[in-house]
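Trainee: Here it is, the structure in full.
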Amino acid sequence: MNSNINYLPVQNIPAKRFEVQVGSALAELDYELNNDVILFTSTRVPAELEGRGIGSALVKTGLEFARDNQLKVKTTCWFVSGYIERHTEYASLYAE
């Protein structure tokens, strides 16, 4: 499969997640909303989709959603934490 494909995550509001569907495989970034805080709880990318930038696309979409909606960010997900450490333009979104 072409690794240069741009994957566009969609928000699945009832399931409380951002997701990318590729064939029968589903990659997910789960979240919980509480007032003005979004808590990212886990990122899951199936093995057959790893290495394509899908996890990063999910996190970027989630963080942009937070920014666009004036939400503060908390996370219990190591992948989200690592993404923010590497992309410091999102550090100001962290909730105190």
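Trainee: Of the conditions (1) on the phi > 0 side of the Ramachandran plot; (2) touching a strand residue (DSSP E or B) at 6+ places or on another chain (Cβ under 6 Å), Leu39 satisfies every one except a single condition; which number is it?
Mentor: (1)
Trainee: Do the conditions hold for Ile54, that is, is it more than 24 Å from Arg86 (Cβ to Cβ) and out of contact with any Gly (no Cβ under 8 Å at 6 or more places or on another chain)?
Mentor: Considered against the rule, which asks whether it is more than 24 Å from Arg86 (Cβ to Cβ) and out of contact with any Gly (no Cβ under 8 Å at 6 or more places or on another chain), Ile54 comes out as no.
Trainee: Go through the stretch 1-63 and tell me which strands (runs of 3 or more DSSP E), entirely inside it, have 3 or more residues that are in contact (Cβ under 8 Å) with a residue 24 or more places away in the chain and in contact with an Asp or Glu (Cβ under 6 Å, 6 or more places away or on another chain).
Mentor: Passing ranges, in order: 37-44.
Trainee: With respect to Phe65, is the statement that it is crowded, with 22+ Cβ neighbours inside 10 Å and closer than 21 Å to Glu89 by Cα true?
Mentor: The answer is no for Phe65.
Trainee: Run Ile84 past the list (1) more than 16 Å from Lys16 (Cα to Cα); (2) among the β-branched types (Val, Ile, Thr); (3) in a strand (DSSP E or B) and report the number of the one that doesn't hold.
Mentor: That leaves (3) as the condition not met.
Trainee: Would you check if Gly23 is out of contact with any helix residue (DSSP H, G or I) (no Cβ under 6 Å at 6 or more places or on another chain), exposed (fewer than 12 other Cβ atoms within 10 Å of the Cβ) and not β-branched (Val, Ile, Thr)?
Mentor: yes
Every read-out reported here was derived from the displayed coordinates using simple, explicitly stated rules and does not represent laboratory data. Everything numeric here is computed off the predicted structure, so don't read it as measured data. As a convention, Cβ positions derive from the backbone with ideal geometry for all residues, glycine included, and neighbour counts pool all protein chains shown.
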